[in-house]
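The values are calculated or read from the model by the stated rules, or taken from the named source; none is laboratory data. Just so it is clear, the structure is predicted and the values come from calculations on it, not from any experiment. Here the Cβ positions follow ideal geometry from the backbone for every residue, glycine too, while neighbour counts run over all protein chains shown.
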Amino acid sequence: MSEEDSFGGIRPTLMSLPEEVEFNTVPNIDEILERASNAGPDIRRPVCIALMENNYVGKLLDLFRIAEDLDSRETLFRMYSIFKHLVLLNNPAILRELLSEQHVYHVAGVFEYDPSYPDTRPGYRQFLLDRSRFKQVLDLENPQLVDLIHQTFRIQYLKDVVLPRILDEETFGSLLFMVRCNFAEIIEIFEGTEDFMPKLVPLFKSESVNDCMATLKFMKEFLTVAKASSNGRNLKLYQGEAFSGFLQFIQRMLSGSNALNRLLALDVLIGVTQHDPSIVRLYMMDHRSDPVEGQLLAAIIDRVRDAASEVGLRWQLVAVLRTLLDSPGPMGLPIPNDDFLNFFYPDYALRLLSPIVELDKTKRSLTSSLDDQTTDLYLNCCELLCSFITQHKYRIKYLLFRSFVVHNVLFLLQCQEKILRLAAVRVVRTMVGTGDDFYFRFLLKQSLLKPIIDEAVSLGTADNALSSALTEFFYFIRDVLPLESYKADLEKIQFAPIWTVLLECYNDLNNPLSDSRSIPSDDSKPRDTWLGVDRNEEAYFATEDDDEEEAEEALTVPSEEGMNGNHVSLVSESDLVAVEMEMPHKMATTWLAEDELDRTKRMKY
């Protein structure tokens, strides 16, 4: 049936709609608009023209007010249906008419009479008429700007609260487009106002908790509007002294004692870093000479490593750090934030990982149950360490070689919390997962696999996430790392049936003449078996070239006492040769000079 047939063969023109809007014509109007809203654009267009030319919206709202006074429920429910179809016509002119300041409050009132919920009446109009929610932080002298802000709020309220159950995809998109157009106009007016920034900057220096909270709420809304608009990337706020004062204000709020202001400041900081992390990095490097307590990066790190910080706050701060420290460039090629990493690692990396660095002093308390905040703290440190190992290549190698970070991570295997034991295994798994020979040698020389094997033995016959993670770990390294010295311990592992198979593979590989089967050739030797290391690979780990032997002779393996807290020196200058070959010459020289001048201070742990 064609669209015309659906209207009885008559196109819905001006003559199709009743000339008068009265109680007895309401059902007819409802039927015509329902059919029009379900029809195509050729049918909708003349109906929309007729509605606009005859001021149908105004007439319908006049009748609605009369019906409400008379408490005519049948008419009120019909009005709900009529205005629903008016919205679904998805005509820009009609939508603007419905959302105009003249009509929007009454339109919201119509949608209070939902026939699906006859006994429930929400207070949409009361909410929209309550101007006390609108707080003016800045003195906005432009009435057009104020009206535009109010209109945008009303559109968003109807879109998200009043109409979501009835909107189709096309109409929702139209309303969203109207909101974004308003956003762009709001930002344009703000940016075009000469005294906007001079009025904004003094707000960043306020000491009042309430004023700071109002400023943070305003900045959060302002940046949200700017992000959604098309011209939000070149804000004056991100330029010059205004941006410096803005981030100093954020740093002050993050370091402050007011929990709500901290959360608001973090929301604002997340918005800025998502917008353009490079400007935040540049600000941090430009203020590196400031006192530590006044640095934004130090404030973020101190909140992350503070065991008393809220769990949600810490996770969001870690997300900010990940954004700032992200290295998206291809391996071996210069990346945009390389200078920032050079700035971060010497002065801030160990500060960030200090909860792990200090674990050797507090490991006795790990055997007792940890509170949620401490657990979350160690978990986030492990997650960050995994990210650094994956992304930062030679910088994190240098850091791990100069500290006991990995040794201390393995102390987490003593915790009762399985999530922390899993995190410790994940750190080592990330190291071997890079496929870097540096980490293979490091783990073997420092006997860092022993605590993991001991953990696997202690699980007994348990079948859980930790046993699965350990099984996957040893399966991954089966033909990468030689583990002959741990054979006796590995034979004690019994929590997974796969270990029986892996041990059989081990015996076949290391005792090839123990049965009557012929020795497999290099081509026929099973490659996908545990400890499937051929003679050449064993020779590679057993015999290094002369230069590497000289470097590794100086590497002191921590003794049993060393692992328990009496640390010995991990590395001499020659140990760093391989890592320094990967580092930019200037950076390596700087770090070695700092190491010589202040070794005792840096290695005090």
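Go through (1) surrounded by 15 or more Cβ atoms within 10 Å (Cβ to Cβ); (2) assigned to a helix (DSSP H, G or I); (3) modelled with pLDDT of 70 or more one by one and return the number of the condition L481 breaks.
Here L481 meets the rest and fails (2).
Does L237 count as exposed (fewer than 15 other Cβ atoms within 10 Å of the Cβ), part of a helix (DSSP H, G or I) and touching a residue at least 24 places away in the same chain (Cβ under 8 Å)?
On the way: exposed (fewer than 15 other Cβ atoms within 10 Å of the Cβ): no; part of a helix (DSSP H, G or I): yes; touching a residue at least 24 places away in the same chain (Cβ under 8 Å): yes.
Taking the combined requirement at face value, the residue does not satisfy it.
If you scan the range 255-275, which residues turn out to be surrounded by 20 or more Cβ atoms within 10 Å (Cβ to Cβ) and small (G, A, S)?
Result: A265, single match.
Based on this model, can you work out whether A462 counts as at pLDDT below 80, within 36 Å of the chain's Cα centre (by Cα) and under 26 Å from I419 (Cα atoms)? Steps first, please.
Working: at pLDDT below 80: yes; within 36 Å of the chain's Cα centre (by Cα): yes; under 26 Å from I419 (Cα atoms): yes.
In short, yes.
Please verify whether the range 145-155 includes one or more residues that are of a type in the set (D, E), in contact with a Lys or Arg (Cβ under 7 Å, 6 or more places away or on another chain) and surrounded by fewer than 19 Cβ atoms within 10 Å (Cβ to Cβ).
We begin by selecting, within the range 145-155, every residue of a type in the set (D, E); these are 147.
Of the ones still in play, those that are also in contact with a Lys or Arg (Cβ under 7 Å, 6 or more places away or on another chain) are none.
Scanning the range 145-155, I find no residue that is of a type in the set (D, E), in contact with a Lys or Arg (Cβ under 7 Å, 6 or more places away or on another chain) and surrounded by fewer than 19 Cβ atoms within 10 Å (Cβ to Cβ), so the answer is no.
Hand me the list of helices (runs of 4 or more DSSP H) wholly inside the range 287-399 holding 1 or more residues that are at pLDDT 90 or above. Walk me through it before giving the result.
Working: elements: 296-305, 311-325, 338-352, 354-357, 359-362, 372-391.
It comes to 296-305, 311-325, 338-352, 354-357, 372-391.
So S208 ticks every box in (1) out of contact with any Lys or Arg (no Cβ under 8 Å at 6 or more places or on another chain); (2) in contact (Cβ under 8 Å) with a residue 12 or more places away in the chain; (3) over 15 Å from I149 (Cα atoms) but one. Which box is left unticked?
With respect to (1) out of contact with any Lys or Arg (no Cβ under 8 Å at 6 or more places or on another chain); (2) in contact (Cβ under 8 Å) with a residue 12 or more places away in the chain; (3) over 15 Å from I149 (Cα atoms), S208 is out only on (2).
Residues of the range 130-145 being without any contact (Cβ under 8 Å) to a residue 40 or more places away in the chain and more than 33 Å from the chain's Cα centre (by Cα), which ones?
Taking the range 130-145 as the starting set, the residues that turn out to be without any contact (Cβ under 8 Å) to a residue 40 or more places away in the chain are 130-134, 136, 140-141, 143.
If the condition is that a residue be without any contact (Cβ under 8 Å) to a residue 40 or more places away in the chain and more than 33 Å from the chain's Cα centre (by Cα), then D130, R131, S132, L140, E141, P143 are the ones that fit.
Can you confirm whether the range 79-88 contains a residue that is assigned to a loop (DSSP other than H, G, I, E, B), in contact with a helix residue (DSSP H, G or I) (Cβ under 9 Å, 6 or more places away or on another chain) and at negative phi? Talk me through it step by step, then tell me what you get.
Taking the range 79-88 first, the residues assigned to a loop (DSSP other than H, G, I, E, B) are none.
No, the conditions are met nowhere in the range 79-88.
Got at least one residue in the range 169-180 being over 20 Å from N91 (Cα atoms) and either in contact with a His (Cβ under 9 Å, 6 or more places away or on another chain) or among the aliphatic types (A, V, I, L, M) (or both)? Write out each step before concluding.
Start the filter on the range 169-180 by keeping residues that are over 20 Å from N91 (Cα atoms), which leaves none.
No: the range 169-180 contains no residue that is over 20 Å from N91 (Cα atoms) and either in contact with a His (Cβ under 9 Å, 6 or more places away or on another chain) or among the aliphatic types (A, V, I, L, M) (or both).
Please tell me if L420 is at pLDDT 90 or above, crowded, with 18+ Cβ neighbours inside 10 Å and under 27 Å from I493 (Cα atoms). Walk me through it before giving the result.
On the way: at pLDDT 90 or above: yes; crowded, with 18+ Cβ neighbours inside 10 Å: yes; under 27 Å from I493 (Cα atoms): yes.
Considered against the rule, which asks whether it is at pLDDT 90 or above, crowded, with 18+ Cβ neighbours inside 10 Å and under 27 Å from I493 (Cα atoms), L420 comes out as yes.
Kindly list the number of the only condition in (1) surrounded by fewer than 18 Cβ atoms within 10 Å (Cβ to Cβ); (2) over 26 Å from the mean Cα position of the chain (by Cα); (3) part of a helix (DSSP H, G or I) that fails for F218.
Checking F218 against (1) surrounded by fewer than 18 Cβ atoms within 10 Å (Cβ to Cβ); (2) over 26 Å from the mean Cα position of the chain (by Cα); (3) part of a helix (DSSP H, G or I), the one that fails is (2).
When you scan the range 114-131, do you find a residue that is farther than 30 Å from M219 by Cα and in a helix (DSSP H, G or I), even just one?
So in the range 114-131, the residues farther than 30 Å from M219 by Cα come out as 114-122.
This time we only want the ones that are in a helix (DSSP H, G or I), so: none.
No, every residue in the range 114-131 fails to be farther than 30 Å from M219 by Cα and in a helix (DSSP H, G or I).
Please work out which residue is surrounded by the fewest Cβ atoms within 10 Å (Cβ to Cβ), limiting yourself to the range 156-177 and to residues that are farther than 23 Å from D130 by Cα and hydrophobic (A, V, I, L, M, F, W, C).
F177
Look at S403 and say whether it is at positive phi and in contact (Cβ under 8 Å) with a residue 60 or more places away in the chain.
Details: at positive phi: no; in contact (Cβ under 8 Å) with a residue 60 or more places away in the chain: yes.
It is false that S403 is at positive phi and in contact (Cβ under 8 Å) with a residue 60 or more places away in the chain.
Could you list, in sequence order, all residues of the range 101-113 that are under 39 Å from the mean Cα position of the chain (by Cα), at pLDDT 90 or above and part of a loop (DSSP other than H, G, I, E, B)?
Scanning the range 101-113 gives F111, E112.
Looking at the range 117-129, I want the residues that are without any contact (Cβ under 8 Å) to a residue 60 or more places away in the chain and have a partner that is surrounded by 11 or more Cβ atoms within 10 Å (Cβ to Cβ) and among the basic types (K, R) with Cβ atoms under 9 Å, at least 6 apart or on another chain. Which pairs are those?
Going by the 9 Å Cβ cut-off, the qualifying pairs are P118/R73; L128/R154.
Would you say D463 is surrounded by fewer than 17 Cβ atoms within 10 Å (Cβ to Cβ), part of a helix (DSSP H, G or I) and in contact (Cβ under 8 Å) with a residue 12 or more places away in the chain?
Values: surrounded by fewer than 17 Cβ atoms within 10 Å (Cβ to Cβ): yes; part of a helix (DSSP H, G or I): no; in contact (Cβ under 8 Å) with a residue 12 or more places away in the chain: yes.
For D463, the condition - surrounded by fewer than 17 Cβ atoms within 10 Å (Cβ to Cβ), part of a helix (DSSP H, G or I) and in contact (Cβ under 8 Å) with a residue 12 or more places away in the chain - is not met.
Residues L138, L158, L88: which one is farther than 26 Å from F23 by Cβ, at pLDDT 90 or above and aliphatic (A, V, I, L, M)? Give the steps one after another, and end with the answer.
Numbers: L138 fails: at pLDDT 90 or above; L88 fails: farther than 26 Å from F23 by Cβ.
Being farther than 26 Å from F23 by Cβ, at pLDDT 90 or above and aliphatic (A, V, I, L, M) holds for just one of L138, L158, L88, which is L158.
For L412, work out the one condition from (1) assigned to a helix (DSSP H, G or I); (2) crowded, with 17+ Cβ neighbours inside 10 Å; (3) of a type outside the set (K, R); (4) in contact (Cβ under 8 Å) with a residue 60 or more places away in the chain it doesn't fulfil.
Every listed condition holds for L412 apart from (4).
Those residues that are part of a helix (DSSP H, G or I) and farther than 22 Å from L353 by Cα, I need them from the range 421-460; list them, please.
Residues of the range 421-460 part of a helix (DSSP H, G or I): 421-433, 437-445, 449-458.
D437, F440, R441, L444, K445, K450, I453, D454, E455, A456, V457, S458 - these are the residues of the range 421-460 that are part of a helix (DSSP H, G or I) and farther than 22 Å from L353 by Cα.
For the condition within 27 Å of H150 (Cβ to Cβ) and either in contact with a Pro (Cβ under 7 Å, 6 or more places away or on another chain) or touching a residue at least 12 places away in the same chain (Cβ under 8 Å) (or both), what is the one hit in L264, L254, L247?
Details: L254 fails: within 27 Å of H150 (Cβ to Cβ); L247 fails: within 27 Å of H150 (Cβ to Cβ).
Only one candidate qualifies: L264.
Working carefully through the options S278, S230, find the one that is small (G, A, S), in contact with a helix residue (DSSP H, G or I) (Cβ under 7 Å, 6 or more places away or on another chain), surrounded by fewer than 18 Cβ atoms within 10 Å (Cβ to Cβ) and at pLDDT below 90.
Numbers: S278 fails: in contact with a helix residue (DSSP H, G or I) (Cβ under 7 Å, 6 or more places away or on another chain).
Exactly one residue qualifies, and that residue is S230.
Taking L138 as the residue in question, decide whether it is of a type outside the set (V, I, T) and surrounded by 15 or more Cβ atoms within 10 Å (Cβ to Cβ). Give the derivation first.
Numbers: of a type outside the set (V, I, T): yes; surrounded by 15 or more Cβ atoms within 10 Å (Cβ to Cβ): yes.
Yes.
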